[in-house]
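Below is one structure, written out as structure tokens, with a few remarks after it.
The values are calculated or read from the model by the stated rules, or taken from the named source; none is laboratory data. As the structure is a prediction and not an experimental result, all values here were calculated from the model. Positions of Cβ are generated from backbone atoms using ideal geometry, with glycine treated the same way; all protein chains shown enter the neighbour counts.
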Amino acid sequence: MENEPGKLALYNLAASKETLEPVQQFVFRSPASFAEFSADGKRLFVLTAEQTAFVLDVAAAGATATKK
């Protein structure tokens, strides 16, 4: 989930590129403890170790998740 403590990067795994580049990156003051996409894949809920909650609009950069 995290690339390093307090940093979270989202990747478009459906993109057909030779190198995988993040489509969005987020930085938090403390490590992420939990993350889950919304049912439609357009938002990401993140809870940090210091109990701060975030709802991130990941669809803004074209990064949406699909549940399988």
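Things worth noting here:
- The stretch 11-68, residues that are β-branched (Val, Ile, Thr), out of contact with any Gly (no Cβ under 7 Å at 6 or more places or on another chain) and at pLDDT 90 or above: Val46, Thr48, Thr52, Val55
- Summed over the stretch 22-31, the residues that are assigned to a strand (DSSP E or B), within 14 Å of Val55 (Cα to Cα) and either more than 10 Å from the chain's Cα centre (by Cα) or β-branched (Val, Ile, Thr) (or both) give a count of 1.
- Residue selected from the stretch 1-56 under the condition in contact with a strand residue (DSSP E or B) (Cβ under 6 Å, 6 or more places away or on another chain) and among the charged types (D, E, K, R), by the criterion surrounded by the most Cβ atoms within 10 Å (Cβ to Cβ): Arg43
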